[in-house]
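One structure is given below, encoded as structure tokens.
The values are calculated or read from the model by the stated rules, or taken from the named source; none is laboratory data. Predicted model only: the values in this text are computed from it and were never measured. With ideal geometry, Cβ positions are generated from the backbone for all residues, glycine too; neighbour counts draw on all protein chains shown. With ligands, DNA and RNA removed, areas are computed over all heavy atoms of the protein, side chains included. Shrake-Rupley method; radii C 1.70, N 1.55, O 1.52, S 1.80 Å.
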Amino acid sequence: MALVGGIADNVNSGVRLSGFERGIRGSRVKVVARVNADYNRTKAQIAAERILRAHPRLSGFFAVSDSMVLGIADTLGGAGKSGKVRVIGHDGTVAVLEHIREGSISADVSQYPYVMGQMAVEACVAAARGARLPTRVDAPIALLTRENAGRALAAFPRPFRPYSDPFRRLLR
């Protein structure tokens, strides 16, 4: 497995990479490369080419953003390895959902920024009205796969499954 981060020392990139590494701890998955590609599709494509040359039997890539996932998918397509090397990303964009549906990208994690923004506005309105806000709110997340990519595309930019929105109740 190769890990592709965003900008070196970027907190968000680091958290996503360390979370992935924590998730595979104790499994048979071995990280053979960890690089940064500055959240850039072309840089990720170049990095993926280098990694594949150094590790031709690589089983997969994880990248912290969909722009880089698309660059990796470009490389794998050009190398004749599309669908043969797993690619997992993070963001849940339409372009990546389409690649997941066709099978060139294995999975993606979405945190639904549209809903996060909506909930933030709802929280502000509720606070302005004097409501007591919850101390913790979990935004919806989903692992997007070939099995649910069609439903995710149909619902985009909203989640394709029901989720809890405590602020909506406060605004009634």
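Restricting attention to the stretch 154-169, the residues that are over 14 Å from residue 134 (Cβ atoms) and either of a type in the set (Asp, Glu) or assigned to a loop (DSSP other than H, G, I, E, B) (or both) add up to 8. The residues listed here are 110, 104; of these, the one that is crowded, with 19+ Cβ neighbours inside 10 Å and touching a strand residue (DSSP E or B) at 6+ places or on another chain (Cβ under 6 Å) is 110. Residues in the stretch 4-22 that are of a type in the set (Ser, Thr, Tyr) and surrounded by 14 or more Cβ atoms within 10 Å (Cβ to Cβ): 13 alone.
For the stretch 23-47, a residue qualifies if it is within 18 Å of residue 72 (Cα to Cα), open to solvent by 40 Å² or more (accessible area, probe 1.4 Å) and more than 16 Å from the chain's Cα centre (by Cα), and the qualifying residues are 31, 32, 34, 35, 42, 43, 45, 46. Residues in the stretch 119-156 that are farther than 25 Å from residue 62 by Cα and among the basic types (Lys, Arg) were compared, and the one that is least open to solvent (accessible area, probe 1.4 Å) is 129. Out of (1) touching a Phe, Trp or Tyr at 6+ places or on another chain (Cβ under 6 Å); (2) surrounded by 18 or more Cβ atoms within 10 Å (Cβ to Cβ); (3) outside any helix (DSSP H, G or I), what's the single condition that is false for residue 92? The failed condition is (1). Of the strands (runs of 3 or more DSSP E) lying entirely inside the stretch 1-83, the ones with 2 or more residues being under 20 Å from residue 108 (Cβ atoms) and in contact (Cβ under 8 Å) with a residue 40 or more places away in the chain are found at 2-5, 60-63. Set side by side, the residues 78, 71, 83 differ, and just one is modelled with pLDDT under 95 and under 30 Å from residue 55 (Cα atoms), which is 83. Of the residues making up the stretch 104-139, just one is touching a Ser or Thr at 6+ places or on another chain (Cβ under 8 Å) and at pLDDT below 95, namely 138.
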